[in-house]
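Below is one structure, written out as structure tokens; the observations come after it.
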Amino acid sequence: MIVLGIETSCDETAAALVNSDKHILSNVIHAQIEDHQPYGGVVPEIAARNHLVHIDSVINKALADAQMSLVDVDAIAVTAGPGLIGGVMVGVMVAKAMAATLNKPFIAVNHLEGHALTARLTDNVDFPHLLMLMSGGHCQILMVQSLGDYTVLGKTIDDAAGEAFDKVAKSLDLDYPGGPQVERLAKTGDVKRFLLPRPLKGRDGCDFSFAGLKTAARNIILAGEIKTDKDKSDLCAGFQEAVKDCLVDRLKQAFEMVSVDFKTVVLAGGVAANEYLRSALTSVCHDYGKEFVAPPLKLCTDNAVMIAWAGLERLMRGQCSDLNFQPRPRWPLTELKD
Ligand code: KG4
Ligand code: ZN
């Protein structure tokens, strides 16, 4: 079986074809970073209009790269939420129109489920597994029990981890998205020079909080302490170190909280690009006898392969959606259980 996946929930217009033998036949992503860079973050209205402009060519390229046409596709899967609703509606309307005219199944995919299932495609990870989902918009630790059955162990009570990276970067006049810039500067920085808070570290549960950390970093900038490149690097290093300590502490907490036996911890979302954080989390996993998996970067950040795959997992179980499915700006994973 072959599924066409479509993703338009944030600032990537993406389409991909994946088959049930776990082969990625094509993976096309049109990123809009330059359109949003002047504003230091994603502007929903601009994103939605851009999706409308690019969606046709992105889908056509996905078909061409796979050397296929629409008749070869068994179903159309699309992100139907959560996300920026203007963009989600663009993808959903295109997918519904295609499914209706081709008379093929339509599958409304939860974007977070896409992230949650990717490692099953890329690394053959089995249920159940633990997922740390760390992006610009999402920050949670989940137990992925089976398809549609997810338990949220903890989530952020304010900013997402990637969002904190982006905001600190913005305060330092670095380009958006800030994560890669902060990681780059942190490499030559002194982690001990600026002592920053580790919100919620040592507390029960495994919720996250990054607002206080971000504000502490910003206060150092406002106090005029950051003048040279070396100052910038030291602040980035101190900030990244604090994020690392928080993630490590929360993951250890999750290990304590979970009673289900599981083998693997999966890190997904754009923050998984951060090598420093990845290596810290890998070593915690090894200490606890767990395998650590981060899908290839292109599949960790937003993409349509994960949507096609989540659609396939559902299709293979005989599930598809009604054509009157309403796009959902908010759609917690815990609401997917039948
Ligand atoms: O998953 P993603 O592409 O989009 C969503 O937010 O859904 O994640 C983007 C986020 C941004 O906040 C970006 O700054 C962060 O991931 N990010 C990083 C790194 N690369 C991207 N954060 C820390 N270190 C990085 N190397
Ligand atoms: Zn995402």
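The values are calculated or read from the model by the stated rules, or taken from the named source; none is laboratory data. Being a predicted model, the structure only gives us computed values, none of them experimental. Please note: Cβ atoms are built from the backbone with ideal geometry, for glycine as well, and neighbour counts cover all protein chains shown. Heavy atoms of the whole protein, side chains included, go into the accessibility calculation; ligands, DNA and RNA do not. Shrake-Rupley method; radii C 1.70, N 1.55, O 1.52, S 1.80 Å.
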Round to a whole number: what % of the accessible area of region 85-137 belongs to carbon and sulfur, probe 1.4 Å? 56 percent
Lys and Arg at +1, Asp and Glu at -1: neighbours of Gln326 with Cβ under 14 Å from its Cβ sum to +1
Rounded to the nearest 5, what is the percent of antiparallel bridges among the DSSP beta bridges in region 63-175? 70 percent
Just want the answer: with Cβ charges of +1 for Lys and Arg and -1 for Asp and Glu, which residue in Leu153, Leu142, Cys206 is farthest toward the dipole's positive end in region 127-294? Cys206
Name the shape class, rounded, prolate or oblate, that the alpha-carbon gyration tensor gives for region 95-141, where a ≥ b ≥ c are the square roots of its eigenvalues, rounded holds for a/c under 1.5, and otherwise prolate holds if a/b is larger than b/c and oblate otherwise. oblate
What angle do you read, to the nearest 10 degrees and between 0 and 90, between the alpha-carbon axis of helix 305-316 and the longest principal axis of the chain? 50 degrees
Per residue of region 2-10, in order, report the coupling 6.51 cos²θ - 1.76 cosθ + 1.60 (Karplus, θ = phi - 60°) as ³J(HN,Hα) in whole Hz, putting x for Gly and Pro. 10, 10, 8, x, 10, 10, 9, 7, 9
Row for region 1-136, column shape: gyration tensor on C-alpha, a ≥ b ≥ c, rounded if a/c < 1.5 i.e. under 1.5, prolate if a/b over b/c, else oblate; value oblate
Test item: Cα-centred dipole of region 127-294, Lys/Arg +1 and Asp/Glu -1 on Cβ, debye: 260 debye
Computed [θ] at 222 nm, deg cm²/dmol, the chain (DSSP H ≥ 4; -39,500 (n - 2.57); rounded to nearest 500): -14000 deg cm²/dmol
For the ranges 283-292, 182-191, what's the packing order if you count other beta-carbon atoms within 10 Å of each residue, average per peptide, and put the highest first? 182-191, 283-292
What is the sum of charges, Lys and Arg at +1 and Asp and Glu at -1, for the other residues whose Cβ falls under 9 Å from the Cβ of Lys263? -2
Residue by residue through region 321-329, the couplings from Karplus 6.51 cos²θ - 1.76 cosθ + 1.60 with θ = phi - 60°, in Hz, x for Gly and Pro, are 10, 6, 5, 9, 4, 8, x, 10, x
Output the relative contact order of region 181-243, whole-number percent, from Cα pairs under 8 angstrom with separation of 6+ residues. 60 percent
Taking the Cα atoms only, what angle lies between the long axis of helix 85-102 and the longest principal axis of the chain, rounded to 10 degrees? 20 degrees
What is the antiparallel percent of DSSP beta bridges lying wholly in region 127-294, to the nearest 5? 60 percent
So what's the angle, to the nearest 10 degrees on a 0 to 90 scale, between helix 229-257 and the longest Cα principal axis of the chain? 60 degrees
For 222-234, 52-64, ranked highest to lowest by mean beta-carbon neighbours within 10 Å, the order is 52-64, 222-234
Counting only heavy atoms of protein chains, what accessible area per residue, in Å², does the chain have with a probe of 1.4 Å? 42 Å²
Considering only the chain, what is the antiparallel percent among its DSSP beta bridges, to the nearest 5? 60 percent
Can you compute 3J(HN,Hα) from phi for each residue in region 259-265, using the Karplus curve 6.51 cos²θ - 1.76 cosθ + 1.60 with θ = phi - 60°, rounded to whole Hz and x for Gly and Pro? 9, 6, 7, 9, 9, 10, 10
Mean Cα-pair separation over length for the chain, i.e. relative contact order, pairs under 8 Å, 6 or more apart, %: 25 percent
Once Rh is set to the Kirkwood radius over Cα pairs, what Stokes-Einstein translational diffusion coefficient, in µm²/s, holds for region 127-294 at a temperature of 25 °C and a viscosity of 0.890 mPa s? 153 µm²/s
Let a ≥ b ≥ c be the square roots of the eigenvalues of the Cα gyration tensor of region 228-338; is it rounded (a/c under 1.5), or, if not, prolate (a/b larger than b/c) or oblate? prolate
In debye to the nearest 20, the charge dipole size for the chain, taken about the Cα centre with +1 at each Lys and Arg Cβ and -1 at each Asp and Glu Cβ, equals 400 debye
Most positive-pole-ward Cα, Ala237, Met306, Phe292, against dipole of region 173-310 from beta carbon charges: Ala237
Could you please tell me the mean projected area of the C-alpha convex hull for the chain, averaged over all directions and given in square nanometres to one decimal? 16.4 nm²
Over 31 Å between Cα atoms, which of Lys155/Lys227; Lys201/Lys263; Lys61/Lys170; Lys96/Lys290; Lys96/Lys298; Lys22/Lys244 qualify? Lys155/Lys227; Lys61/Lys170; Lys96/Lys290; Lys22/Lys244
Long-range amide H partners of Gly81, meaning residues 5 or more apart or on another chain whose placed amide H is closer than 5 Å, are His111, Arg328
What residues qualify as long-range amide H neighbours of Phe208, i.e. H under 5 Å apart, gap of 5 or more or another chain, H built at 1.01 Å from N? Lys155, Thr156, Ile157
